[in-house]
Each structure stands twice: as structure tokens, then as C-alpha cells.
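Student: Got a structure here, written out as C-alpha cells. Questions coming.
Nothing in this text is a laboratory measurement; each read-out follows from the coordinates by a stated rule. The structure displayed is predicted, hence computed values, not measured ones. Virtual Cβ from ideal backbone geometry, glycine too; neighbours counted across all protein chains shown.
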Amino acid sequence: MSHPIAWVPAERARHASTDPVSRRGCREYPEGQRVTTLCGQTVEACEGELAWLWWTCPDCDDRARELVGAPPRPDVGQRS
């Protein structure tokens, strides 16, 4: 199932966005593309395997789950 959300590593975190991806047939933003995230930031996309291991922005995760109708993360009550 396709969703209107793409994940983007940027600012040392994995963010989510509904901005269009400029590379046809790809669900990743190219290095340097400016993207507006679901948490309200405007960030510059990063590429690379290590960037995908950065922590997930909790605000983007919450909003992405709302948009696709997924339940909240089970650890949501444990955030500090």
C-alpha cells in the first residue's frame, strides 16, 4: 500500500514529509533537497547508510501514524 509520506534523514534525525520527491520512481529525497517535515521544520536531506540509522523524530512519527491510520507507538508514554 502506498502512502503520501516519505522519510528523510536530515538534521541528524529521520523526519517524515509529504513534499513530492524529485526523483521519479524513488521514495528518497536527494542530498541537499529542502524538505518541509511533518514536525514543521524545513530541513536539507542527507544521503548515506548511516543517516538512515539516526533517531526518528517523535513528532514526525506521531503525525505520520495519524495520516496513515496506524496506532501510536507503544513506547509513547515513556518519552521524556
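Student: Do you know which residues across segment 33-64 are among the aromatic types (Phe, Trp, Tyr) and either free of Cβ contacts under 8 Å to residues at least 24 places away in the same chain or closer than 14 Å to Ala6 by Cα (or both)?
Tutor: First pass over segment 33-64, keeping only residues among the aromatic types (Phe, Trp, Tyr): 52, 54-55.
Result: Trp52, single match.
Student: Please specify each residue of segment 15-32 satisfying the condition of being under 13 Å from the mean Cα position of the chain (by Cα), over 13 Å from Arg63 (Cβ atoms) and in contact (Cβ under 8 Å) with a residue 12 or more places away in the chain.
Tutor: Within segment 15-32, the subset under 13 Å from the mean Cα position of the chain (by Cα) is 15-21, 27-29.
This time we only want the ones that are over 13 Å from Arg63 (Cβ atoms), so: 19-21, 27-29.
Within segment 15-32, Asp19, Val21, Arg27, Glu28, Tyr29 meet the criteria.
Student: Starting from segment 65-76, keep only residues that are without any contact (Cβ under 8 Å) to a residue 60 or more places away in the chain, then list their pairs with residues that are outside any helix (DSSP H, G or I) and surrounded by 10 or more Cβ atoms within 10 Å (Cβ to Cβ) whose Cβ atoms are within a distance under 7 Å, requiring at least 6 positions of separation or different chains.
Tutor: Listed by first residue and then by second, the contacts come to Arg65/Pro72.
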